[in-house]
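I have placed the structure first, in the form of structure tokens, so that the comments after it can refer back to it.
Rule-based calculations on the coordinates, nothing more; no lab input. Small disclaimer: the values here were computed from a predicted structure and weren't measured. Reconstructed Cβ throughout: ideal geometry from the backbone, glycine too, with neighbour counts over all protein chains shown.
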Amino acid sequence: MSSTVAKALSLLDYFSDSEPEIGLSELARRSGVDKATVHRMLAVMCDHGLLEKRGDARLYRLGAGVLRLARVRETAFPVSSVFQQSLEALSAQIGETAHASLISGRALATIGVCEASRGSRVSLVAGEILPFHSTASGLAVLAFSRPELVDRLLAEPLAARTSRTPTDAEVIRARLQEVRLTGYAEADQTNEDDVYGIAMPVFDTDGTATGAIAVAVPAHRMTNDLRRQIIAALFAEAETLNAGIGGRPPATFRAAVARFGAA
């Protein structure tokens, strides 16, 4: 993909439930691309329905073309409703926030969230972008992804999201090996302060990870008992999810499930 196309499409990542409309100047600032170039990119995407401009407010939002593509994908590969059922079951059982994500280019896109009802909880929004290297979901997916994807992502600069974020590619590779053995990934305040995440991959029909299901807990509330409860619940829901979307877990993941059950 040309760098121009890649930069243009990357602008779409800045839109989310919490920020559905963004102005030209703000998009230029966040992307690091000059304002004139961003304006041309936005104009092209507006012409093709991916974005639209809201009247005199000079704000851009996702266009109807994105909705059409989303409906085509959901019709061909229905996953949203299946994931949401598992998220609601997880959150009800654990009492914490559950969320699911799918691979979206060089990161993960949050496709569903079920927040805990308690006052102190982790909050996410649908559409939120999750980095691979700093989140439990990202590590869970990378551990069961093709080597070329892992190599490509780890060859890029890895931003420190908190003081605990691993940014050394070899350190991350060692963690991925641990995830392959256990079947789940953990992230203790590596993406956001006071957030402890535990995640498990879900698979495509070819046995590679296509996304993840996770539980996020305020780090100060995590205990060994809660941790084991979350892992057991995730294994159960991952099995339900894979059956629902036609995913085929590889032998390495099935072995990890067996080891946890025997422990």
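Between ALA92 and ARG146, what length comes free when the chain is fully extended (0.36 nm per residue of separation minus the Cα-Cα distance, one decimal in nm)?
Working: separation 54, 0.36 × 54 = 19.44 nm, distance 3.36 nm.
Fully extending the segment from ALA92 to ARG146 adds 16.1 nm.
How big is region 38-169 on each of its three principal axes, counting only the C-alpha atoms and giving the largest first in Å?
Its Cα atoms span 44, 37, 33 Å along the three principal axes.
Cα centroids of region 1-24 and region 83-121: how far apart, whole angstrom?
What the calculation gives is 24 Å, centre to centre.
Which residue, chosen from ALA187, ALA232, LEU24, occupies the Cα position most advanced towards the positive end of the dipole of the chain, where the dipole is computed from +1 (Lys, Arg) and -1 (Asp, Glu) charges on Cβ about the Cα centre?
LEU24
What ³J(HN,Hα) values, in whole Hz, does the Karplus curve 6.51 cos²θ - 1.76 cosθ + 1.60 give for region 233-245 when θ = phi - 60°, with x put for Gly and Pro?
Couplings: 5, 5, 4, 5, 6, 4, 5, 5, 5, 4, 5, x, 9 Hz.
Say a site is exposed when it is one of the trypsin sites (Lys or Arg not before Pro), sits in a DSSP loop, and has at most 11 other Cβ atoms within 10 Å; what is then the longest site-free stretch of the chain?
Details: sites that count: ARG58, ARG118.
Looking at the chain, 119-263 is the longest stretch - no exposed trypsin sites (Lys or Arg not before Pro) with at most 11 other Cβ atoms within 10 Å.
Output wanted: per-residue J couplings in Hz (rounded whole) for region 203-220, from phi through Karplus 6.51 cos²θ - 1.76 cosθ + 1.60, θ = phi - 60°, x for Gly and Pro.
Result, rounded to whole Hz: 10, 8, 5, 9, x, 9, 5, 10, x, 8, 10, 8, 10, 10, 10, x, 4, 5.
Would you mind checking the tilt of helix 35-47 against the longest principal axis of the Cα atoms of the chain, expressed as 0 to 90 degrees and rounded to 10?
80
Report the rotationally averaged projected area of region 3-68 based on its alpha-carbon convex hull, in square nanometres.
On the way: hull surface 17.2 nm².
Mean orientational projected area (region 3-68, Cα hull): 4.3 nm².
Over all directions, average the projected area of the Cα convex hull of the chain and note it in nm². Present the calculation step by step, with values, prior to reporting the outcome.
Details: hull surface 59.2 nm².
Taking the Cα atoms of the chain, their convex hull projects to 14.8 nm² on average.
Suppose every Lys and Arg Cβ carries +1 and every Asp and Glu Cβ carries -1, with no other charges. What dipole size does the chain come out with about its Cα centre, to the nearest 20 debye? Mind dumping the intermediate values first?
Details: 28 positive and 30 negative charges, 63 e Å.
So the dipole magnitude of the chain works out to roughly 300 debye.
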